[in-house]
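All remarks here apply to the structure that follows.
The values are calculated or read from the model by the stated rules, or taken from the named source; none is laboratory data. Keep in mind that this is a model prediction, so the values were computed, not measured. Counting neighbours? That spans all protein chains shown, and the Cβs are built from the backbone with ideal geometry, glycine included. Calculation scope for accessible area: heavy atoms of the full protein, side chains included, ligands and nucleic acids excluded. Shrake-Rupley method; radii C 1.70, N 1.55, O 1.52, S 1.80 Å.
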Amino acid sequence: LLIGRYQPFHAGHKALVAEAISRVGQCCIALRDVEGTSKENPYNYKKVKAEILAACIEFGDKVKIMEFPNITDVFYGRGVGYNIEQLVLDKGLQEISATKIRAGEIGPDGKPLGHRPE
């Protein structure tokens, strides 16, 4: 289970999905519905879901996307039957920032665009 805003979905996010699938054979994305809650959340659920599906087409039915409310905390009881683990990606992927993508500094692949939007 990956919980996130994905505003927008980028290469780092896709690497997390690929890693989840390589470990357990499937990935459920809990896409937080945060449209309009701040300037950092400009995209609606349908747009982000479509971006994720297009970017992850090669994973087929191994990826499921569910609409979630704006989750801010995750709690669990003892013996819940699942693990919680941080997936650490290589430094280049970790440095891809959705904030920089929205600002026009880099593309979803993390490469510089060479210009800022006006």
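Computed quantities for the displayed model
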item: Which numbered condition Ile3 fails, given (1) open to solvent by less than 30 Å² (accessible area, probe 1.4 Å); (2) touching a Phe, Trp or Tyr at 6+ places or on another chain (Cβ under 9 Å); (3) not charged (D, E, K, R); result: (1)
item: Any pair with Cβ under 7 angstrom, 6 or more apart, that starts in the range 23-49 at a residue that is of a type in the set (Phe, Trp, Tyr) and ends at one that is part of a strand (DSSP E or B); result: Tyr45/Leu31; Tyr45/Glu67
item: Every pair of residues 6+ apart whose Cβ atoms lie under 8 Å, when the first sits in the range 96-113 and is farther than 17 Å from Glu51 by Cβ while the second is among the polar types (S, T, N, Q) and open to solvent by 90 Å² or more (accessible area, probe 1.4 Å); result: none
item: Per-region count, the range 48-99, residues closer than 21 Å to Leu113 by Cα, assigned to a loop (DSSP other than H, G, I, E, B) and not charged (D, E, K, R); result: 2
item: Matching residues, the range 21-43, being under 12 Å from the mean Cα position of the chain (by Cα) and among the small types (Gly, Ala, Ser); result: Ala30
item: Failed item, numbered, when Gly104 is tested on (1) exposed (fewer than 15 other Cβ atoms within 10 Å of the Cβ); (2) outside any loop (DSSP other than H, G, I, E, B); result: (2)
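Table: residues versus (1) touching a Ser or Thr at 6+ places or on another chain (Cβ under 8 Å); (2) hydroxyl-bearing (Ser, Thr, Tyr); (3) loosely packed, with under 10 Cβ neighbours inside 10 Å.
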position	(1), (2), (3)
Ala20	no, no, no
Val24	no, no, no
Thr37	no, yes, no
Glu40	yes, no, no
Ile52	no, no, no
Lys62	no, no, no
Ile65	no, no, no
Asn70	yes, no, no
Gln86	no, no, yes
